[in-house]
Each structure stands twice: as C-alpha cells, then as structure tokens.
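The values are calculated or read from the model by the stated rules, or taken from the named source; none is laboratory data. These figures come from a predicted structure and were not determined experimentally. Note that we place each Cβ from the backbone using ideal geometry, even for glycine, and neighbour counts take in every protein chain shown.
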Amino acid sequence: MSLMQIPRRIEYALRAMIHLADRPGGVARGLEIAESEQIPKYFLEKVIRDLMRGGLVRSHRGPGGGYELARAAEQMTFKDIIEAVEGPITLNICVDGSNVCALQPACRMYRVWEEGQRVLLKVFSQTTLQEIVDSRRPMFPELRGHSAAATMPPKP
C-alpha cells in the first residue's frame with residue numbers, strides 16, 4: 001500500500017524539537033537526542049543545522065554544550081519547524097500561488113486541494129511545541145484505535 005506520508009526529515013525535526021521542549025531551560029546533547037528519539041545521528045545533525053538557520057535552535061559548545069530552543073516552546077508551531085527544514089508547506093502545486101497548472105481555472109479538484117491546504121496550515125499553525133509537551137498522550141487516539149475519552153480537550 002502506498003501512503004501519503006510526512007517526509008522523514010520533518011518527522012525527525014519535530015521529534016528533536018519536542019525533545020528540546022521537554023527540557024525547558026536545559027541543553028541536550030546531539031547524541032542524547034539521537035538515541036532518545038531514534039534519529040540517525042548524521043541525519044539529526046543536518047536537521048539541527050536547518051533548525052538553527054531558521055532561528056529555532058541555539059547551540060552551545062564545550063563541556064555541558066549541546067542544543068536548546070532559541071525561544072519559548074509556546075512561541076513555536078509545527079508550521080515554523082516544518083518550514084525551517086522543508087520550506088513553505090504546499091499540499092499540491094496548484095495551491096502554492098505560482099499558477100503553473102495549465103488546468104487551473106477549470107480544474108474540478110482545485111477546490112479540494114485549496115481546502116486541504118487551508119486546513120493543513122491551520123492545524124500546523126495552531127499546534128505549538130508547548131501544547132505537545134503538555135499533552136503527554138496521543139493527540140488523535142481515535143486514529144490509533146483508542147477510545148475517544150483519551151483525546152485532548154479542545155482549545156479554549
């Protein structure tokens with residue numbers, strides 16, 4: 001079966017950032033993050049570089065050095081992290097604003113892609129690292145066969 005899947009690079013970046021958010025004010029070494037989050041060390045280093053370039057992570061050299069969040073976890077969203085490692089989020093080429101699709105104004109699928117893009121960006125923009133750290137349980141357990149009673153309460 002073929003899946004529409006988030007690239008590994010994004011998944012690793014999110015896992016690393018959640019790990020760092022779990023250590024407020026603390027510094028985590030690369031090896032600790034790699035082992036704890038099951039991310040290949042060489043891949044983690046590349047992802048961390050992108051997160052540093054995006055202004056989301058700071059590094060500290062020397063003994064006791066490592067990585068830490070560059071700003072508070074409640075100020076960083078999934079969208080920030082994804083865009084730091086992959087660039088702008090686009091569900092399909094027709095919704096990226098470039099108007100390169102020759103089928104566009106007559107395309108009957110455009111409305112679906114446009115709505116999917118809107119919903120995707122809304123979820124990623126509203127999901128903060130702090131929200132994930134605070135949850136400590138699956139956000140969407142119904143997708144994993146768990147009871148609805150374990151779902152996160154809605155945002156106020």
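Of everything in region 84-103 that is surrounded by 14 or more Cβ atoms within 10 Å (Cβ to Cβ) and of a type outside the set (A, V, I, L, M), the residue that is nearest to L44 (Cα to Cα) is E86.
Going by the conditions given, is Q117 over 20 Å from I18 (Cβ atoms), part of a helix (DSSP H, G or I) and at pLDDT 80 or above? Against the criterion (over 20 Å from I18 (Cβ atoms), part of a helix (DSSP H, G or I) and at pLDDT 80 or above), Q117 qualifies. Screening I48, I10, I39 for residues that are touching a residue at least 12 places away in the same chain (Cβ under 8 Å), surrounded by 15 or more Cβ atoms within 10 Å (Cβ to Cβ) and more than 20 Å from A73 (Cα to Cα) leaves exactly one candidate, I39. Per the conditions (1) touching a Leu at 6+ places or on another chain (Cβ under 6 Å); (2) at pLDDT below 95, the sole criterion not satisfied by S2 is (1).
Put simply, of L56, L31 the only residue that is within 14 Å of the chain's Cα centre (by Cα), of a type outside the set (S, T, Y) and at negative phi is L56. Could you list, in sequence order, the residues of region 17-33 that are within 17 Å of F43 (Cα to Cα), surrounded by fewer than 17 Cβ atoms within 10 Å (Cβ to Cβ) and in contact with a Gly (Cβ under 7 Å, 6 or more places away or on another chain)? Within region 17-33, just R29 meets the criteria.
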